[in-house]
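Have a look at the structure below, then the notes.
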Amino acid sequence: MTNYIIRRLIYMVVTLWFISLISFFLIELPPGSALDARIQQLRNMGGDMSVQQIEALRQQYGLGDPWYVRYWKWISGAVRGDFGDSFQQGAPVSQLIWSRLGYSVMISGFALIFAWLVAIPLGVYSATHRYTIPDYLVTVIQFIGISVPEFLLALLLMVFAARYLNADVGGLFSSAYQNAPWSWDKFVDMLKHLWIPIIVVSAGSTAWNTRVMRANLLDVLNQQYIQTARAKGLKESVVVWKHAVRNALHPLIMALGGVLPALISAEVTTSIVLNLPTTGPLFVTALLNKDMYLAITFLMMLSVLLVIGNLLADLLLAWVDPRVRLE
Amino acid sequence: MLAEMVKAGKLPPVQERLPKNPYVVPHPWLKEGKYGGTLRQMCSSADDWGTTHLIQEEMYGNSPLRWHKDGLAISGGWVESWEANEDLSTWTFHIREGIKWSDGEPFTADDVLFWWEDMVLNEEVAEGPPDEARSGKGTLAKFKKVDDYTFQMIFDAPSPLTADRMAMWVNRGIGPGWSAPKHYAQKFHKKYNPNVKKDWVNDFGYPGGKAVDFATNPECPTLTGWKLKSYTKNRNSVWERNPYYWCVDKWGNQLPYIDTVIMTNIQDPEVLKLKTTQGDADFAHGGFLPFTLADVSTFRQTENRSNLHLEFWDSGSGTSSMYFFNHDFADAKMRELVRNPKFLKALSHAFDRQTAQTLIYYKTGELTTGTLSPKAIEYVINDQGKQVYRSWRDSAVEYNPDKAKQLLDEIGLKDTNGDGFREFPDGSKLLITIDYPADQPQNGEHVRKNELLAKNWQAVGINARMTPQPPTGYDDRWQAGKILMKTAWEVGDGPNHLVYPQWLVPMEYSRWSPLHGNWYNLRGTPKENQQKNVDPWKRNPPRIGPFDKEADPNIKKIWQMYDQTKTEPDFMKRTQLVWDMIKVHIDNGPYFCGVAANTPRIELFHKDLRNWPTHDDLKSWGQGGFVNPWIHPTPAVYDPETWYWENPDQHTQS
């Protein structure tokens, strides 16, 4: 077991290194630099930058160096924990990401828990009551949930909430609480804003989880050992929950491997539409403006979490399913 | 709000907080107001721009001089009065005595000199000297402190435009600084505090410099009506009244009336509009926000829910959405074509501006070839000026495809191979790429105008194609002569052609003549005469000097006339030179083309808010509004510090 884990860790490091190289190169590929957006902004306000100033900034941020030089500068800092500065936001990258990480994890975490809490019972109910009206109803709703793009769902919910529920939409806090220190009222205010993001973010995965749960459970319920269990005289609920569901859960657990990176990127388009203070929008703007260090650090964070998540999912699967042998 | 602080002894009484002669806001539409309340606003930007800079455009407090009557006059700001000597080379400015920074410390000429000597002249700090501080010859002025409240700018040649140029911008962050809080900033400066950290110069940059940027650092003193109370990056900023603001209204009440201003950032523009219709804002300035005329019906329909009244202010735009060619395009054949006045006129006559005006601007504004703002003083000063404006405006505005075809035939662009499109005289393929940055919204004014351009030009036989370009690096490729057109801009500038002449005179690289502009910018530096043997497009930066064969003699004429205006003391003589420069544009251009001038901007005001000017107020006092140019800062010119709530208790944020 330990051998297996060590081997996986070594593979992880190699994979991550390749990812960082390729990503850095790809992000560098389009012409222009982060400086352009700043110059354009300044120019729109008429505060033109002199040629000397532009040169000085280029030197300072190393924007004129070839990509491997800049890569080396970044990686040598990154392994020490210094991820460089974001040119566009004018702050260290680690500070920018850290300040938003809490909200990202919270929203994604809640959405994940919500998705599982809804999906598993719904999937089990759907499977055990196949072809009944509630099953069809659930199926239709789930298909809509998978097909409707999340940002569209977000917009629809926002308009609905704004028009008919008179709710204050957009953002996690009302303007009164935005800058206030944490208090019970602020927490309640946040909960009032939280329900839209959680529904939207979990819509897709709830739907998927339910469908998979239902399909798998149907498969498992046809197995012979389930027949045996019923023949032994066990109660139906015990047969379903103690024996069948546990075996039907495996694909969901494997899917958990991909959940860790989703925890911090929290559905970018939804965050932009709902104006949430999460890391997703930061990432998108960094890519659009070629804000090098912010983009690459974020990408690496996602990659690290993905490979770790996959390892954990594999280990978890091995623990749940005794048939799995780790090679 | 402040009365309690005075009673508690935390604040001196108001007479001691105001200067000896406070600035009296003179606008004729003002009524006496009531104190109290909060003004909520929203903006939409991917980064801090909205929460820090847009709100600065509402406050004129840091500006030494102010524009008046939509650019027709200049009044004092924190400078009470000013005069110049005989030949206008030495300017003396008298600061209002007794002005205090927002922390109570006195504002004196020391703060101006600190800015000049320790920020601008200091080679490590990156604040470049403003062009206003350069004489006509290009040398920097000398600043001299005469006494605590008087300083002088001494130029080596007559500088007649100095006062006009100092009225531009809100300053300190947008535009040059002109002052900095010495008593606060000096502890961040190496000259006064040898123990500063290694990268101390970062504290002196905008945005974000702790020592000087009052829009991100609540402790940095300011002279504006509101000062920063708290600020969350990218989310919002909260501003509260500055107890030491040095302006009063006609009734002697210290401004501002409103206690708190909140600016919230909503990243997605459509969500911003949704929230606006839901009543989440009390004031929305169309000049900063992504509102177009297409949104008017939405705002009118939701008036009852949002409680926002819709008002139109003139934008003062000279062109609305414009297009222009790269006068210094790298390929010689194409360059010769786009420099040919007949070609430019032909394409302008082929463009159906009326349809564009109806579709995009709902028939507002007046059709124009493309000029600087019609509100500029050179056009309104007398009948001759009006005539000059009309002749430029009408020079190629007529929609006449037959005339266009005839002109194209005359140049030799004929369809030689029968594919329906014209080729170059030598038979090679001619493709006009209508370039624009790919991040332009598809239903925005620029892309829609480009669609019409492509259609109209194809109808006269020009193979024109809309070509989205990656937005980053657009300008780098523009000045390398690799991009043919810019089509996503507009000309807002006035109030005076000479204070911001970049459209008239090529002097930088982002407009219609980048390589000439770059050379002009380098005059007086060693680079001016370097790299003469290198191909102009391969120089660093790419530039064309008068010694190159690719130089355009018309541009040299414009430069000569412009240089003359810098030292010409007589206003009418300068205006005549501007008219002459315009004539070069009319005869050899049109170098840039637009659709309709002076289209309106949307302004939304809460029904309970008072003292903001209506369009009629502005028409009788000024010119009906002049929103677009940043150098004429709207709404700062209408002093939002005078606005008040009819019922302040209904508009407080707990």
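The values are calculated or read from the model by the stated rules, or taken from the named source; none is laboratory data. What you see is a predicted model, and the numbers here were worked out from it, not measured in a lab. Glycine also receives a Cβ, built like all others from the backbone with ideal geometry; neighbour counts cover every protein chain displayed. Note: accessible area is taken over every heavy atom of the protein model, side chains too, but ligands, DNA and RNA are not part of it. Shrake-Rupley method; radii C 1.70, N 1.55, O 1.52, S 1.80 Å.
Computed quantities for the displayed model
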| quantity | calculated |
| --- | --- |
| Matching option when the condition is within 30 Å of A:PHE151 (Cβ to Cβ) and at pLDDT 85 or above, among A:ALA215, A:ALA229, A:ALA203, A:ALA207 | A:ALA215 |
| Residue within the stretch A:173-182 that is away from chain B (no Cβ under 12 Å) and either out of contact with any Leu (no Cβ under 9 Å at 6 or more places or on another chain) or in a loop (DSSP other than H, G, I, E, B) (or both) present | yes |
| Every pair of residues 6+ apart whose Cβ atoms lie under 8 Å, when the first sits in the stretch B:97-117 and is assigned to a loop (DSSP other than H, G, I, E, B) while the second is aliphatic (A, V, I, L, M) | B:GLY98/B:LEU18; B:ILE99/B:LEU223; B:TRP101/B:LEU223; B:SER102/B:LEU223; B:PHE107/B:ILE95; B:PHE107/B:ILE99; B:PHE107/B:LEU223; B:THR108/B:ILE95 |
| From B:TYR257, B:TYR231, B:TYR206, residue being hydroxyl-bearing (Ser, Thr, Tyr) and away from chain A (no Cβ under 14 Å) | B:TYR257 |
| Residue check, B:ILE55 within 30 Å of A:LEU288 (Cα to Cα), aliphatic (A, V, I, L, M) and modelled with pLDDT of 85 or more | yes |
| Filtered residue count, the stretch A:202-216, keeping only those that are open to solvent by 20 Å² or more (accessible area, probe 1.4 Å) and not small (Gly, Ala, Ser) | 5 |
| Selected residue (only one of B:ARG523, B:ARG539 is charged (D, E, K, R), surrounded by fewer than 15 Cβ atoms within 10 Å (Cβ to Cβ), within 14 Å of chain A (Cβ to nearest Cβ) and within 23 Å of B:ASP476 (Cβ to Cβ)) | B:ARG523 |
| Single condition B:ASP580 does not satisfy, out of (1) within 30 Å of B:LEU452 (Cα to Cα); (2) part of a helix (DSSP H, G or I) | (1) |
| Helices (runs of 4 or more DSSP H) wholly inside the stretch A:217-327 that include at least 1 residues being open to solvent by 30 Å² or more (accessible area, probe 1.4 Å), within 14 Å of chain B (Cβ to nearest Cβ) and out of contact with any helix residue (DSSP H, G or I) (no Cβ under 7 Å at 6 or more places or on another chain) | A:279-288 |
| Residue count for the stretch A:118-134, restricted to those that are more than 23 Å from the chain's Cα centre (by Cα) and over 13 Å from A:LEU217 (Cα atoms) | 4 |
| Contacts under 7 angstrom Cβ, first residue in the stretch B:469-486 being more than 19 Å from A:GLU28 (Cβ to Cβ), partner of a type in the set (Phe, Trp, Tyr) and part of a loop (DSSP other than H, G, I, E, B), 6 or more apart | B:GLN479/B:TYR509; B:GLY481/B:PHE329; B:LEU484/B:PHE329 |
| Filtered residues of the stretch A:78-93 (kept if surrounded by fewer than 15 Cβ atoms within 10 Å (Cβ to Cβ) and either basic (Lys, Arg) or part of a helix (DSSP H, G or I) (or both)) | A:ARG80 |
| Pairs where the first residue, in the stretch B:286-311, is of a type in the set (Asp, Glu) and the second is open to solvent by 20 Å² or more (accessible area, probe 1.4 Å), C-beta under 7 Å, 6+ apart | B:ASP295/B:LYS273; B:GLU311/B:THR614; B:GLU311/B:HIS615 |
| Any hit, the stretch B:616-639, residues being open to solvent by less than 10 Å² (accessible area, probe 1.4 Å), over 21 Å from the mean Cα position of the chain (by Cα) and either within 14 Å of chain A (Cβ to nearest Cβ) or more than 30 Å from B:GLU366 (Cβ to Cβ) (or both) | no |
| Enumeration of residues in the stretch A:140-177 that are surrounded by 17 or more Cβ atoms within 10 Å (Cβ to Cβ) and among the β-branched types (Val, Ile, Thr) | A:VAL169 |
| Lone qualifier among A:THR132, A:THR210 - being in contact (Cβ under 8 Å) with a residue 40 or more places away in the chain and not basic (Lys, Arg) | A:THR210 |
| Counted residues, the stretch B:453-506 - those being under 24 Å from B:ASN417 (Cα atoms), open to solvent by 20 Å² or more (accessible area, probe 1.4 Å) and touching a Pro at 6+ places or on another chain (Cβ under 7 Å) | 1 |
| Matching residues, the stretch B:122-136, being touching a residue at least 40 places away in the same chain (Cβ under 8 Å) and either acidic (Asp, Glu) or open to solvent by 70 Å² or more (accessible area, probe 1.4 Å) (or both) | B:GLU124, B:GLU127, B:GLU132 |
| Condition met for A:ASP189 (of a type outside the set (A, V, I, L, M, F, W, C) and within 11 Å of chain B (Cβ to nearest Cβ)) | no |
| Residue list for the stretch B:390-421, restricted to those being part of a helix (DSSP H, G or I), closer than 18 Å to B:LYS342 by Cβ and open to solvent by 50 Å² or more (accessible area, probe 1.4 Å) | B:ASP402, B:LYS403, B:LYS405, B:GLN406, B:ASP409, B:GLU410 |
| Residues (among the small types (Gly, Ala, Ser), part of a loop (DSSP other than H, G, I, E, B) and open to solvent by less than 10 Å² (accessible area, probe 1.4 Å)) located in the stretch B:219-267 | B:GLY225 |
| Filter result (within 12 Å of chain B (Cβ to nearest Cβ) and touching a residue at least 60 places away in the same chain (Cβ under 8 Å)) within the stretch A:84-98 | A:ASP85, A:SER86, A:PHE87, A:GLN88, A:GLN89, A:LEU96 |
| Count of residues meeting criterion [in a loop (DSSP other than H, G, I, E, B) and not hydroxyl-bearing (Ser, Thr, Tyr)] in the stretch B:314-336 | 9 |
| The stretch B:576-603, residues that are modelled with pLDDT of 90 or more and more than 21 Å from the chain's Cα centre (by Cα) | B:GLN576, B:LEU577, B:TRP579, B:ASP580, B:MET581, B:LYS583, B:VAL584, B:HIS585, B:ILE586, B:ASP587, B:ASN588, B:PRO590 |
| Looking only at the stretch B:447-497, and only at residues there that are assigned to a helix (DSSP H, G or I) and within 14 Å of chain A (Cβ to nearest Cβ), the one that is modelled with the highest pLDDT | B:TRP478 |
| Residues of the stretch B:268-320 classified as away from chain A (no Cβ under 13 Å), open to solvent by less than 30 Å² (accessible area, probe 1.4 Å) and farther than 14 Å from B:LEU604 by Cβ, total | 7 |
| Candidates B:GLN56, B:GLN41, B:GLN15 - the one that is among the polar types (S, T, N, Q) and open to solvent by 20 Å² or more (accessible area, probe 1.4 Å) | B:GLN15 |
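Per-residue answers, yes or no, for (1) out of contact with any strand residue (DSSP E or B) (no Cβ under 6 Å at 6 or more places or on another chain); (2) open to solvent by less than 30 Å² (accessible area, probe 1.4 Å); (3) closer than 24 Å to B:ILE55 by Cβ:
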| site | (1), (2), (3) |
| --- | --- |
| B:VAL120 | yes, yes, no |
| B:LYS144 | no, no, no |
| B:THR150 | no, yes, no |
| B:PRO158 | yes, no, no |
| B:PRO181 | yes, yes, yes |
| B:GLN186 | yes, no, no |
